[in-house]
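The values are calculated or read from the model by the stated rules, or taken from the named source; none is laboratory data. Since the structure is predicted, the reported quantities are computational estimates derived from the model, not experimental observations. In this analysis, Cβ positions are derived from the backbone assuming ideal geometry, glycine residues included, and neighbour counts consider all displayed protein chains. Side chains are part of the model used for accessible areas, which takes the heavy atoms of the whole protein and leaves out ligands, DNA and RNA. Shrake-Rupley method; radii C 1.70, N 1.55, O 1.52, S 1.80 Å.
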Amino acid sequence: MTGLENTNVSSAVPAQYPSRRALPDAPLLNAARGTRPSHRPVWFMRQAGRSLPEYREIRAGVGMLESCFDPDLVCEITMQPVRRHKVDAAILFSDIVVPLKAAGIDLDIVAGTGPVVADPVRTAADVAALPHLEAEEVGAVARAVTLLTRELGSTPLIGFAGAPFTLASYLVEGGPSRNHERTKALMHADPKTWHELLGRLTDMAITFLRAQLGAGVDAIQLFDSWAGALSLADYREYVLPHSERVFAELAAADVPRIHFGVGTGELLGAMGEAGADVVGVDWRIPLDVAAQRVGPGKALQGNLDPALLFAGWDVVEREVRRVAAEADRALAAGSTGHIFNLGHGVLPDTDPDMLTRVVELVHSL
């Protein structure tokens, strides 16, 4: 349906989630579940990617979306930062638009721009014409998960999907947007069509995540990358119910669920209500302040500014210790765990050795 090789590789996803690897001592899973880990866990968003020379080598001449539908390549790329940095989790190498592409939506990831949609979705008729995602259309992704669970040993694997709002913003705008003007216009001018669109994208995210869970991922993260463009009132009315449904329909898998967005300091309380066990926090707000907004009973993830990795080790060490201290105050205030991460993804020109040193330092704290 997509025209990409390997799209239909393997894997019927079972109706009931199978028993998965037993990882009782995995620090990341323990922190996410509110039990005491043996050390503070750390992983990095975009840890598998352009900052690694081995990634650039293996991706040479291979398109991004083509890579995402090649199980062997996905497995190798996902493993690279685990081998190099000794992080406490792998995150599946993929992209949030993979389920859209797999379903048959005409889009591509353009270097230097991001996802570009050939025919933007802006009317009720456009929404009605959207295809549904079938599990077998992301069979290649499920196969990659199966390969990874054999390779990772005691390291957990995080699966992920784009949240309905962020997927909608790409479809409505036709690509990345600074102001999300068409998205907000549709949201307010035609709420019925908006909710129909997000309902369909919620179904798609659930199908994509169920495929990963059925293949054995140990945790999932829902990325609402652009939710920070919204007011709290708009988020609650137009977005939160759909994100809630994603988490609710995956609860039976009994794996930690993480929710993350960028620029979401004013939304953290509402995001904490969506149903995740862990709320990711970007670098703009201290973790102890975030804990007050999220409320007790949730673990936090974050939140070193990725740009600071360019400032030299003395600065990085100081800032890592600051983040850890803020996280400790959050724990004292009622947060159930802390997973060290960046406040967004690893930037392409980051020195990989700096990431390795951050892991070593976090593990020592």
query = Roughly how many Å² of residue 363 are accessible to a 1.4 Å probe, to the nearest 10?
reply = 60 Å²
Beta bridges per DSSP with both ends in the chain, % antiparallel, nearest 5 = 15 percent
query = Let a ≥ b ≥ c be the square roots of the eigenvalues of the Cα gyration tensor of region 34-94; is it rounded (a/c under 1.5), or, if not, prolate (a/b larger than b/c) or oblate?
reply = prolate
inquiry  = As a test of the formula, what do you get for the chain when each DSSP H run with n ≥ 4 contributes -39,500 (n - 2.57) and the sum is divided by the residue count, at 222 nm and rounded to the nearest 500 deg cm²/dmol?
reply    = -13500 deg cm²/dmol
message = Taking a ≥ b ≥ c as the square roots of the Cα gyration tensor eigenvalues, with a/c under 1.5 meaning rounded and otherwise prolate when a/b beats b/c, else oblate, which class fits region 237-365?
response = prolate
task = Could you please state, rounded to a whole Å, how far the C-alpha centre of region 80-111 is from the C-alpha centre of region 290-323?
result = 24 Å
query = Suppose every K and R has +1 on its Cβ and every D and E has -1 on its Cβ; what is the size of the dipole of region 21-92 about the Cα centre, in Debye to the nearest 20?
reply = 440 debye
request  = Using a 10 angstrom cutoff on alpha carbons, build the Gaussian network for the chain and name the most mobile of 23, 197, 92.
outcome  = 23
ask   = Of all the Cα-Cα pairs you can form in the chain, what percent are over 26 Å apart?
value = 47 percent
remark   = Computed curve, region 219-272, Cα-only Debye sum without solvent term, log₁₀ I(q)/I(0) at 0.13, 0.15, 0.22 Å⁻¹, is -0.30, -0.40, -0.81
message = At 1.4 Å probe size, put 192, 101, 86 in order of accessible surface, largest to smallest.
response = 192, 86, 101
key: Compactness of region 75-204, expressed as Rg and Dmax over alpha-carbon positions, Å   = 16.9, 51
inquiry  = I need the shape label for region 47-150. Rule: rounded when a/c is under 1.5, else prolate if a/b > b/c, else oblate, with a, b, c from the alpha carbon gyration tensor.
reply    = prolate
request  = Show me 58-64, 40-46 ranked by packing, highest mean number of other Cβ atoms within 10 Å first.
outcome  = 40-46, 58-64
ask   = What net charge is computed for the residues neighbouring residue 128, neighbours being all others with C-beta under 15 Å from the C-beta of residue 128, Lys and Arg scored +1, Asp and Glu -1?
value = -2
task = Report the full-extension gain for the segment residue 322 to residue 126: residue separation times 0.36 nm, less the Cα-Cα distance, to one decimal in nm.
result = 65.7 nm
inquiry  = Pairs of alpha-carbon atoms within less than 8 angstrom and 6+ residues apart define the contacts here; what relative contact order does the chain have, in percent?
reply    = 21 percent
query = Taking 0.36 nm per intervening residue step and subtracting the Cα-Cα distance, what contour gain separates residue 289 from residue 332 on full extension?
reply = 14.3 nm
query = Percent of accessible area on region 109-207 owned by carbon and sulfur, 1.4 Å probe?
reply = 49 percent
task = Return the long-range amide H neighbours of residue 221 (sequence gap of 5 or more, or a different chain), with a cut-off of under 5 Å between placed amide H atoms.
result = 159, 160, 161, 258
request  = Enumerate the whole-percent occupancy of each 10 Å bin, from 0 to the last occupied one, for all C-alpha pair distances of region 142-296.
outcome  = 11, 39, 33, 15, 2, 0
message = Residue by residue through region 295-304, what is 3J(HN,Hα) from phi via Karplus (6.51 cos²θ - 1.76 cosθ + 1.60, θ = phi - 60°)? Round to whole Hz and write x for glycine and proline.
response = x, x, x, 10, 7, 10, 10, x, 8, 5
key: Selection from 204, 241, 179, by position along the positive dipole direction of the chain (Cβ)   = 241
